[in-house]
Amino acid sequence: MKGFVFVLLLLYTSITILWIVNSPLLHSLWGIMIWIILIVIGFIAYYQITKNSILKLLILYSCYFMVFLVCVTGIIHVAVSSMP
């Protein structure tokens, strides 16, 4: 499980980098779907880790940060699409 969490954190880091550079790959339909699926997998991995460790906190904070980024992306999309 530890290796899986490290891979998931690496994917979260790459999503954050793609978000910062405003990549069209991330903002496509497939990108958003993969992004949300990775968030769900992250929460499942959080509940599968039995002992309290730094990995459990890292995956929890990373999942919440990904949810925050999805919400900000949605707000930005609505704000930009409503402009004349």
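Checking each residue in the range 1-27 for being in contact (Cβ under 8 Å) with a residue 12 or more places away in the chain and in a loop (DSSP other than H, G, I, E, B) picks out Met1, His27. Residue check: is Leu69 part of a helix (DSSP H, G or I) and surrounded by 10 or more Cβ atoms within 10 Å (Cβ to Cβ)? Taking the combined requirement at face value, the residue satisfies it. Of all residues in the range 29-64, those satisfying the criterion of being among the hydroxyl-bearing types (Ser, Thr, Tyr) and closer than 18 Å to Leu18 by Cα are Ser62, Tyr64. Scanning the range 33-55 for residues that are part of a helix (DSSP H, G or I) and more than 14 Å from the chain's Cα centre (by Cα) yields a total of 4. A Cβ distance below 9 Å, combined with a sequence gap of six or more or placement on separate chains, defines the contacts here; from the range 37-55, residues that are surrounded by 12 or more Cβ atoms within 10 Å (Cβ to Cβ) reach residues that are not in a helix (DSSP H, G or I) in the pairs Ala45/Met1; Gln48/Met1; Ile49/Met1; Leu55/Met1; Leu55/Ile49. Among residues that are assigned to a helix (DSSP H, G or I), in contact with a helix residue (DSSP H, G or I) (Cβ under 7 Å, 6 or more places away or on another chain) and not acidic (Asp, Glu), Trp30 is not included.
Read-outs throughout are calculated quantities, based only on the coordinates presented, and are distinct from any laboratory measurement. Since the structure is predicted, the reported quantities are computational estimates derived from the model, not experimental observations. Neighbour counts are summed over all protein chains in view; Cβ atoms, including those assigned to glycine, are modelled from backbone coordinates with ideal geometry.
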